[in-house]
Amino acid sequence: MNKIILTFINIYKIFIFIALLAFNSALYAQDKSNFKHVEATGRSILLPENIETSRKRALEDAIYLAALKGGANVNGFSAISSNTIINEQSVIKATNRVLDFKILSETQNKEYLTIKIRAVVGNELSKQNCNIRPININLFKGSITVDTNVPSELARYTSLWYNKTYEYISKLPNVSINNFQNRQLNQIIKSSQNSSFNYNAITKGIPIIHPGNYSLVPKIVLTKTNKNSFANYLLTISFDLYKGQKIKLETSKSYNLLINYQLESKFQFLKNISTLDLDKINQNVNNHLSKVISSFFYDINCTPLEGKLTVNNGKLQVDLGSKQGLKQKQIGLVNGIKIQNSMLNDSILIVHTDDVFDNHSTLLPLNDNVKLTNLNNKIVKFVE
């Protein structure tokens, strides 16, 4: 009888914990971010002869409780002997981890040492939210390549498709365009390597590229490809995307569209009657252009903002601002930072924006123990 009562008591405990966990999850249901700011309090029995051990245990307790507040899984199991349940157990495992924390207070009495922390809990590897943010694009002169065996009446459309590319990009709601269609990007690269770059930019109108902005070069290639009995032509639309003042290649993507034009035949009559309507081909290509451009810029939105940290006049800064999509109190991750007495195995530092300007922002680290000079020239990734 006592075993049955104990079993019900254990089941009741598990039920209560799951109910509390569900309530805790509901509190965060509205938060779509990968990260949560939580506060937790850890406690340890006070060991007067070894305060550091008490402090370490209290801090470990606080970190564990903070991780649970970020989300947890409850797995239950039963110990069975002779088909009789003799014990009910539950395993509680945090689904997120503490990335960084700050000690808010430490108190002690005759029995306990208590530490309260503020922590950022999450998983930096979780899927990024693809929120629409401002994208600044410098559009440079691209290229059109057409095979000599492409019919002239079809080849003429490539210049229209090339211009449509610029038109569709300029109509995207979250994209700001600096139109340099008459400028070769290579010209800018050569100028930026010249010591008189700023002088050339002023006197010759060469655009100055801000660190957080992108540069884009579109390319259109039309080639013949033989498939089935039709004369097919492959239209390839490519985008080379460069980032920042150093004009570093960020990504290069190509999208293909197969165009069925006319039957392969020795008889001109059959070619003429089988030739597809050029207006319809043009419409199909324009629809394709609209889709691939939307897809390409959607991928940019899903790419976390990254910037280089610098320390100026005792302040931590990044070369990104509101024009690049940064907001107040936005969280950033800095990898490869060793922090003394961190209690965490990983070398991840959490920073957040303090003041956000047009093209740069000042940041504050969550952890007070980090030296700002150790962050100079490090890369910060904004993940919210």
**Request:** Figure the gain on full extension for residue 177 and residue 260 (residue separation times 0.36 nm, minus the Cα-Cα span) and round it to one decimal in nm.
**Result:** 26.5 nm
**Item:** Environment charge at residue 165 (Cβ cut-off 15 Å; Lys +1, Arg +1, Asp -1, Glu -1)
**Value:** +4
**Asked** Does a label point 7 Å from the Cα of residue 250, set along Cα-to-beta-carbon, have any residues of the range 359-381 with amide nitrogen under 20 Å, and which are they?
**Response** 359-362, 378-381
**Prompt:** What pairs in 141/190; 164/291; 190/378; 224/253 have C-alpha atoms more than 18 Å from each other?
**Reply:** 190/378; 224/253
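Where a number appears in this text, it was derived from the coordinates with a stated rule and is not lab data. Remember, predicted model here, so these are calculated numbers, not experimental data. As a convention, Cβ positions derive from the backbone with ideal geometry for all residues, glycine included, and neighbour counts pool all protein chains shown.
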